[in-house]
Amino acid sequence: MQARPTELPGVLLLEPKVFGDARGFFFESYNRRAFEQATGLTPDFVQDNHSRSARGVLRGLHYQLKQAQGKLVRVTAGEVYDVAVDVRRSSPAFGRWFGANLSAENKRQMWIPAGFAHGYLVLSEHAEFVYKATDFYAPEHERCIAWNDPDLNIRWPLLSGLAKPVLSAKDQAGLRLRDAETFP
């Protein structure tokens with residue numbers, strides 16, 4: 001496994017070692033020792049989540065104030081544009097974002113530490129998104145930043161013919177970062 005730092009301190013892109021031949025491929029999607037060796041981190045994952053979404057669905061930008069979650073995310077089918085936003089007011093990177101394409105084909109993963117909002121846009125016909133979390137889901141502590149907050153100016157790769165993404169009611173009610181409850 002190779003870990004590459006991104007423009008956001010703490011957010012990493014991970015590329016597993018893939019073994020392939022005429023039969024297909026094999027790779028370890030998670031190995032605690034390899035993860036620690038590549039990143040220097042030892043997260044304690046307590047929950048795995050798996051979602052399937054159609055083209056144009058945008059989930060996020062979510063985070064939990066209490067029971068903050070670090071997330072190791074990947075795509076097992078299709079492709080998404082995955083985004084992390086620093087929502088720690090004391091951070092020099094507060095309000096900055098990083099995005100990358102994750103797909104079943106490129107097998108990349110992204111590590112998003114606690115203190116960051118997270119979201120993704122489905123670029124393929126369907127995508128299956130899997131992630132490991134370092135704390136349990138706590139809806140009472142969940143917050144949502146608007147996907148189109150003009151202060152963030154995230155450059156989502158919206159699909160031609162799609163004026164805006166498909167959003168849940170919760171995501172439609174997302175706040176601008178400047179109005180949201182964030183980490184100190």
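The values are calculated or read from the model by the stated rules, or taken from the named source; none is laboratory data. The structure displayed is predicted, hence computed values, not measured ones. Neighbour counts run over all protein chains shown; Cβ positions are idealised from the backbone, glycine included.
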Pick from region 1-28, criterion part of a loop (DSSP other than H, G, I, E, B) and over 16 Å from the mean Cα position of the chain (by Cα), ranking: farthest from residue 138 (Cα to Cα):
22
Could you tell me which numbered condition residue 53 fails, if it satisfies all but one of (1) in contact with a strand residue (DSSP E or B) (Cβ under 6 Å, 6 or more places away or on another chain); (2) under 19 Å from residue 87 (Cα atoms); (3) crowded, with 18+ Cβ neighbours inside 10 Å?
(2)
Scanning for something more than 30 Å from residue 31 (Cα to Cα), surrounded by fewer than 17 Cβ atoms within 10 Å (Cβ to Cβ) and not charged (D, E, K, R), does region 124-131 turn up at least one residue?
no
Run down 76, 6 and say which single residue is within 18 Å of residue 133 (Cβ to Cβ) and out of contact with any helix residue (DSSP H, G or I) (no Cβ under 6 Å at 6 or more places or on another chain).
76
Matching residues in region 132-142 - criterion: being surrounded by fewer than 18 Cβ atoms within 10 Å (Cβ to Cβ) and basic (Lys, Arg):
none
Considering every residue within region 18-28, establish whether at least one is modelled with pLDDT of 95 or more and over 30 Å from residue 174 (Cβ atoms).
no
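Yes/no matrix, rows are residues, columns are (1) of a type in the set (Lys, Arg); (2) over 18 Å from the mean Cα position of the chain (by Cα):
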| position | (1), (2) |
| --- | --- |
| 135 | no, no |
| 146 | no, no |
| 150 | no, yes |
| 155 | yes, no |
| 162 | no, yes |
| 172 | no, yes |
| 181 | no, yes |
Which one of 98, 94, 116 is closer than 19 Å to residue 175 by Cβ, crowded, with 17+ Cβ neighbours inside 10 Å, at pLDDT 95 or above and of a type outside the set (Lys, Arg)?
116
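Check region 15-24 and report whether any residue there is crowded, with 17+ Cβ neighbours inside 10 Å, farther than 23 Å from residue 123 by Cβ and touching a residue at least 40 places away in the same chain (Cβ under 8 Å).
Looking through region 15-24, none of the residues is crowded, with 17+ Cβ neighbours inside 10 Å, farther than 23 Å from residue 123 by Cβ and touching a residue at least 40 places away in the same chain (Cβ under 8 Å).
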Of all residues in region 29-38, which are outside any loop (DSSP other than H, G, I, E, B) and closer than 21 Å to residue 100 by Cβ?
34, 35, 38
Residues within region 29-42 that are in contact with a helix residue (DSSP H, G or I) (Cβ under 8 Å, 6 or more places away or on another chain) and surrounded by 14 or more Cβ atoms within 10 Å (Cβ to Cβ), tallied
1
The correct count of residues that are in a loop (DSSP other than H, G, I, E, B) and more than 19 Å from residue 170 (Cβ to Cβ) in region 42-69 is 6
Filter region 156-172 down to residues that are exposed (fewer than 15 other Cβ atoms within 10 Å of the Cβ) and modelled with pLDDT of 95 or more, then give me how many there are.
4
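Within region 70-184, which strands (runs of 3 or more DSSP E) (wholly inside it) include 2 or more residues that are without any contact (Cβ under 8 Å) to a residue 60 or more places away in the chain and of a type in the set (S, T, N, Q)?
97-103
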